[in-house]
Amino acid sequence: DLPWEKISLGKPFWQCIEKELKGDPPAPITYVFKSFGDIHTTVPVEPHESERTGRFVRQAKTECGIHTRTTSAGSPHGGALMDLMVKDAGKAKELVDSCVKAVEINERQACDVFCLLHGAFSPLKGFMDETAYSSVVKDMRLPEKQLFGLPVTFDMRDVSGIKKGDKLLLKWKGDDVAVLEASSIYKPNKVVEAKEVYGTSSLEHPTVFSLIQETGDYYIGGNLHGIKSIAFPYPIQTPADVRAMLPEGKPVVAFQNRNPIHRAHFELLVCAQR
C-alpha cells in the first residue's frame, strides 16, 4: 500500500549505473531490494548505517539491514555530493558583513576549505564540532555512523574575542573565500588524538610532530559557506570535475598515492582492473 513503483533491474544492482537505479526522470527516493523472501519494514537502511541495522541492534529498521538499503551506484560518501558554495551574491555579501573577525588561513587550511566547499569531504558541511571530532577520533565514525578515518578541524592559536555563534571570515591571499559559523569552540587533547588516529604519540612521526608543534591549540567547528573558490597556483579539480571525466556505465579503478605512479603502482592498477 506504499506509493512505490516496483521495477525489475534485470541484473544485480551493483552492475547498474545511477541512471538505471534512479530512473528517467530521476525518482526522489530509490529503494533497492537486495534479496527476497523476508518481511521488510517501511523504514529502509540508509547508506551510512551499518549492515547490522535492524533487529540485531534493536532498531526499528529492516529484518536484516543488508536486505534493504537506499543506495545508488557510485554515489558520494553519505549519499550526496556536498556543494557549499553560496550562489546568491546578496546572501554572500550578507554573510561576509555579519562576520566578527577575519582570519588569514594557511595553505593546509586552504586545502581543507576547498575540499569541504566542493564535497571532497562529503557528507561534512563544515569543520567538525567537538561531538563529531570526538566520535571520529575514538571510533573512526561520524555521529551518524558514517565511516570517517581522520578528523577535519579548523585550528587557531588564540580564540580570545570569539564566542559560540560568531561568524569568521576566512581569507586566502587576501581574497574572501568562506564564512565559518563558530558553533563549537574547544581545546582538543592532541596526545589522545595522535595516539588514536596515527597509532603513536611520538614526535618522530612527522604528522604527529605537525599536530603537536605546528597546529593551533583550539579547534572551531561549524557550518562553512563558500564565498569564492580557492585559486591555487597549481592545477586542481573539484569532485564534480572528476566525476564528469569518468566513463558512464563503466567501473573505475581509483588509486591514490603521494607521488607519481611508479612501475609497481602501474602493475597493481592493471591487476586490479583485470
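Remarks
- Long-range neighbours under 7 Å by Cβ, at least six apart or interchain, first residue outside any strand (DSSP E or B) within segment 216-227, second not aliphatic (A, V, I, L, M): 216/155; 216/157; 217/157; 217/187; 227/176
- Positions within segment 140-158 being farther than 16 Å from residue 194 by Cα and among the acidic types (Asp, Glu), in sequence order: 144, 158
- Restricting the search to helices (runs of 4 or more DSSP H) fully inside segment 88-159 and requiring at least 3 residues that are small (Gly, Ala, Ser) gives 89-97, 130-139.
- Checking segment 215-229 against the condition returns no match, with no residue being among the aliphatic types (A, V, I, L, M) and over 18 Å from residue 95 (Cβ atoms).
- Count - residues of segment 149-167 that are closer than 15 Å to residue 84 by Cβ and either more than 19 Å from the chain's Cα centre (by Cα) or at pLDDT below 95 (or both): 1
- No other residue among 94, 104, 130 is within 22 Å of residue 231 (Cα to Cα), open to solvent by 60 Å² or more (accessible area, probe 1.4 Å) and of a type outside the set (Ser, Thr, Tyr) apart from 104.
- All of (1) surrounded by 13 or more Cβ atoms within 10 Å (Cβ to Cβ); (2) at pLDDT below 50; (3) in a loop (DSSP other than H, G, I, E, B) hold for residue 56 with one exception: (3).
- Near pairs, Cβ below 9 angstrom, 6+ apart or cross-chain, from segment 143-154 (more than 15 Å from residue 130 (Cβ to Cβ) and open to solvent by less than 20 Å² (accessible area, probe 1.4 Å)) to any residue that is assigned to a loop (DSSP other than H, G, I, E, B) and modelled with pLDDT of 90 or more: 146/123
For (1) of a type in the set (D, E, K, R); (2) within 30 Å of residue 233 (Cβ to Cβ), each residue gets a yes or a no:
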residue	(1), (2)
129	yes, no
148	no, yes
167	yes, yes
171	yes, yes
174	no, yes
190	yes, no
194	no, no
199	no, no
204	yes, no
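- Residue in segment 27-48 that is loosely packed, with under 11 Cβ neighbours inside 10 Å, more than 30 Å from residue 165 (Cα to Cα) and at pLDDT 80 or above present: no
- Going through (1) at pLDDT 95 or above; (2) assigned to a loop (DSSP other than H, G, I, E, B); (3) open to solvent by 60 Å² or more (accessible area, probe 1.4 Å) one by one, residue 256 falls short only on (1).
- When we screen 242, 208 for residues that are surrounded by 10 or more Cβ atoms within 10 Å (Cβ to Cβ), farther than 21 Å from residue 118 by Cα and either modelled with pLDDT under 85 or not charged (D, E, K, R) (or both), the only hit is 208.
So that you can scan it fast, the table gives a plain yes or no per residue for (1) charged (D, E, K, R); (2) surrounded by 16 or more Cβ atoms within 10 Å (Cβ to Cβ); (3) without any contact (Cβ under 8 Å) to a residue 40 or more places away in the chain:
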position	(1), (2), (3)
78	no, yes, no
90	no, no, yes
109	no, yes, no
112	yes, yes, no
117	no, yes, no
126	no, yes, no
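The values are calculated or read from the model by the stated rules, or taken from the named source; none is laboratory data. Owing to the predicted nature of the structure, the values given are computational and were not obtained by experimental measurement. Reconstructed Cβ throughout: ideal geometry from the backbone, glycine too, with neighbour counts over all protein chains shown. With ligands, DNA and RNA removed, areas are computed over all heavy atoms of the protein, side chains included. Shrake-Rupley method; radii C 1.70, N 1.55, O 1.52, S 1.80 Å.
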